[in-house]
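Asker: Before we start, here is the structure in question, set down as structure tokens.
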Amino acid sequence: MTHAMTALWSSPERRSERCPACADERPFEQPPCLDGHEPGECPEWACLDCGHAITLGTVESTRPARQLVTAAA
């Protein structure tokens, strides 16, 4: 999925983003975070017009990457 970030920041907890349900640019807000993220750092956002939820940001790994070991020829 390719999506151009069109965010217009008015505060860390509000932004303008394209809503898939509304099919247009809409204001989004971060609902109260139950995962303990600081304000503005939670990846969950909700459209203020229809309530459609989206997740923005990067995925953080909780496990270290495994190294591939191959035999020498």
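The values are calculated or read from the model by the stated rules, or taken from the named source; none is laboratory data. Everything numeric here is computed off the predicted structure, so don't read it as measured data. Positions of Cβ are generated from backbone atoms using ideal geometry, with glycine treated the same way; all protein chains shown enter the neighbour counts.
Asker: Filter segment 21-34 down to the residues that are over 14 Å from the mean Cα position of the chain (by Cα) and under 15 Å from Thr55 (Cβ atoms), then identify the one that is surrounded by the most Cβ atoms within 10 Å (Cβ to Cβ).
Answerer: Looking at the filtered set, the residue picked out is Ala21.
Asker: Residues of segment 39-50 being under 10 Å from Glu13 (Cα atoms) and either touching a helix residue (DSSP H, G or I) at 6+ places or on another chain (Cβ under 8 Å) or part of a loop (DSSP other than H, G, I, E, B) (or both), which ones?
Answerer: Within segment 39-50, Pro39, Gly40, Glu41, Cys42 meet the criteria.
Asker: Given the residues Pro39, Pro64, Pro31, which is the only one that is modelled with pLDDT under 90 and in contact with a Phe, Trp or Tyr (Cβ under 9 Å, 6 or more places away or on another chain)?
Answerer: Pro31
Asker: Does His3 count as surrounded by 10 or more Cβ atoms within 10 Å (Cβ to Cβ), modelled with pLDDT under 85 and under 14 Å from the mean Cα position of the chain (by Cα)?
Answerer: Judged against the criteria, His3 is a match.
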